[in-house]
Each structure stands twice: as structure tokens, then as C-alpha cells.
1. Quick check on segment 26-42: of everything there that is at pLDDT 95 or above and not hydrophobic (A, V, I, L, M, F, W, C), which residue is farthest from Phe329 (Cα to Cα)?
2. Out of all the residues in segment 352-364, which are within 15 Å of Phe329 (Cβ to Cβ) and surrounded by fewer than 21 Cβ atoms within 10 Å (Cβ to Cβ)?
3. When the residues of segment 269-292 are narrowed to those that are part of a helix (DSSP H, G or I) and without any contact (Cβ under 8 Å) to a residue 12 or more places away in the chain, which ends up nearest to the chain's Cα centre (by Cα)?
4. List every residue pair whose Cβ atoms sit under 6 Å apart, with the two residues 6 or more apart in sequence or on different chains, where the first one lies in segment 153-169 and is at positive phi and the second, anywhere, is modelled with pLDDT of 90 or more.
5. If the Cβ limit is 9 Å and pairs must be 6+ apart or interchain, which residue in segment 133-148 that is in the same structural domain as Ile203 (by TED's automatic domain parsing) pairs with which residue that is among the small types (Gly, Ala, Ser) and part of a loop (DSSP other than H, G, I, E, B)?
6. Out of all the residues in segment 7-15, is one or more in the same structural domain as Val333 (by TED's automatic domain parsing), surrounded by 16 or more Cβ atoms within 10 Å (Cβ to Cβ), at pLDDT below 95 and within 30 Å of Glu359 (Cβ to Cβ)?
7. Please give the strands (runs of 3 or more DSSP E) falling wholly within segment 20-125 in which 3 or more residues are hydrophobic (A, V, I, L, M, F, W, C) and over 22 Å from Thr319 (Cβ atoms).
8. Quick one: is Gly76 crowded, with 17+ Cβ neighbours inside 10 Å and not hydrophobic (A, V, I, L, M, F, W, C)?
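The values are calculated or read from the model by the stated rules, or taken from the named source; none is laboratory data. The model shown is predicted, which means the values in this text are computed figures rather than measured ones. Here Cβ is always computed from backbone atoms with ideal geometry, including for glycine, and neighbour counts include all displayed protein chains.
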Amino acid sequence: MRGEAHEAEPVDWPKPTNDEGRKRRALRYRLLETARQITAHERLRKCMRCSRGFAGVSVRVGAEGRAHYAGLVRCGSVWLCPVCSQGIAMERAEEVRTLLERHRGAGGGDYLLTCTTPHDLGDALKPMRRHVARAWRFVVSGAPWKRIQARYGLAYVRAQELTHGRNGWHPHLHILLLSARPLTAAAQGELEAFVLRRWQRAIAKPDRETGNTYRVPLAGVGVKLTSCGRRDDYVTKLGLADELAQGAAKRGHEGHRTPFQILRDIWQRDFTVQADVALWVEYASEMPGCKQLTWSRGLRKRYAIVEQTDLDLAAAEETTPAPITVYQFEDAVWAEMIAPLVGERIRILHLAEDYPPLEAGERIGRLVDRVLGITEVPF
């Protein structure tokens, strides 16, 4: 017995026109399959393949004509999952845009603070990333920070970012720094100098786990305070833009690759470059459980921005208003025949978007029949 195609009320069906967006979605599905093969993370292995069990798996289409699967397990990993991370980033980006709009409306200033540390090829990711995180905690702790925070009315959103280049892993921080009022050039210089002094002092301390001593960041390199201007500039700098949409642009910066670009290379080279596989495995063993964004205490409450978990945001598309169910899969058919075939799962979404709901459901049903080996009736 096959699944069910659903008839819906006649609508003026909006076909998506962004072919590039569909290509990136297909790439995310294929990269998720790649990650699944080399990542020891149980929830990732179930993500977008296993039914949540209580309602079955269906294909739904929202008001804008975008198709998605409902009823599947989501891992909610912003670090490991190319599919979930995109949904999370889109929602987090909206939070940042809302924050900036309300903060600027209240007369505040906003700046981007970037903090990096020198590193060398062979430095392990785990101790270096944790050392960088501890260094920032040192910057924003104690009486010195409280004094300058009170002087300028400071709050922040801190983002972690990781790239890998010729000198190995490069963990660094981008901080959206908010002030009660726009800062003069002199005040910006004072603030940058303050952070640099504290950052240099923290980075130069021997790492508590390994005993490694990292080189002191240079002025103008280790810490940089700038004004981005537009809200979407901050979204990009905080790592909330569509990474796959950037293509080779980001890769070209001193030869650095983001982890998902490493994963893409693994897929394109069919797992033949073992050094890349080892990099991904190292990365995947360290990042789960880390927060991508950290808001300073009280900032969300001040601007009435509700905190949501990554898992909630990853599944946000399932809560779109009045979605149309185009096709409902039988549990066994989905689990045994459709879930293992990433190409067919991508094709089903395209069919749901390309045709009105009733016709799309019929076409998906015929595709399922072909997968099951059922001969199509010639009339």
C-alpha cells in the first residue's frame, strides 16, 4: 500500500523562483549524508531521516511555495548539521536584526569587536578554542570591566567562529558591542585599547590544560573595533549568513576554510583526502554543546527578545502558518525505501514545489511506486 496524496483547496500556486536556493538546499542534504558517515553523533545520524513516530512523515508546502518535510527527527546542531544550522542561523539573524533595530531606536551605538590569537600548525583545536573562550571571560570580568561597562553602558552578543588554514585551526570571536550612546572616535580608541590589554594578558597565560603558551596578539591584529553600519553586515560577521551561498569567497581569505567547506571538500573528493576527514572528526568531537552566540546578562530581557533553543529554531519551518500537506508517507515505506535515498528525498521536495498540491501528490506517489518497484498502470 502506498502513501496518501492530499487534495487541497484550489490556490494560486506560488512556484519558487530561486533556483540557487534549491541547489544549496540539495547540497545541504548531501553534506548531511557525508557528515552522517564520519561523525559519531547519534542524533545527527537520525536527523532528517528518522520519523519522530507520533504523526508520521509528510511533505508540506508553505504559503511562499517552499516545501519541507514534517515529522522527522532534527538534531538541532548548529555546528555539525548543514541542514539544521541553516534554519538556526536564519532565526538567530532575525534576533540580531531585531536587537539592533530596538537598540538604535533607543539611541544606542553598535560596533563589531573581533578578537583573535596567533596560532601555529599542529595546535590542537580543543585547548585553543577553550583558551580563547576563557580569555574573553577574563576581558568581561572583574572591576576593570565593570568600570568601563558603566562608563559607556556596554552590553554584547558574542559569536564563536572557526576556520582552518595553513597555520591550522583558527578560533576567534566576533562580538557585537552595544553602547548606551554612539561613541566618539576617542572613546572607541580607549575601548579597543582596554580590550587589547586584557586580551593580551589572558592569551599569554599558559593554558591550564596543556601548559601551552600562545604568542601575544599584536595591536591592530589581535583586537579590532569597527562600525559595520548595516544590520546585515553584522549578520555576516557573526556567522549567521548563508555560508554555502558565499561559495568560494570566504575560502579565498588567506586560504581559510570553514568546517562546512571542509565537509564539502570531503564529499566532492569522495572521502579520499584523509587529512580533511581527520579535521572534521576533530572538529565534530569538540563543538557539540558549545553555544554559537552568547548574550550578555539582561540584554534579551531589556529588548524583549525571547530566548529559544537551537532545536526549536531548527524545526521552525514546521510551524509556518497553514501549510498544505502534499503527501503522507507510510512509516515502513519511508524508513526502508525513501529515507536511505538522498537523491529521491531532494527530488520529492522539488516535485512538491513545482506543481499544485494535488498534482504534486500524484507525482510523488508515482515516484514512490517506482522506488518500490511497482509498475505504473498505463491509463
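1. Thr39
2. Listed by number, the residues that qualify are Glu362, Arg363.
3. Ala278
4. So the pair list comes out as Gly153/Ser179; Gly153/Ala180.
5. Filtered contacts from segment 133-148: Val140/Ser296.
6. Yes, segment 7-15 contains at least one residue that is in the same structural domain as Val333 (by TED's automatic domain parsing), surrounded by 16 or more Cβ atoms within 10 Å (Cβ to Cβ), at pLDDT below 95 and within 30 Å of Glu359 (Cβ to Cβ).
7. Here the list reads 109-115.
8. For Gly76, the condition - crowded, with 17+ Cβ neighbours inside 10 Å and not hydrophobic (A, V, I, L, M, F, W, C) - is met.
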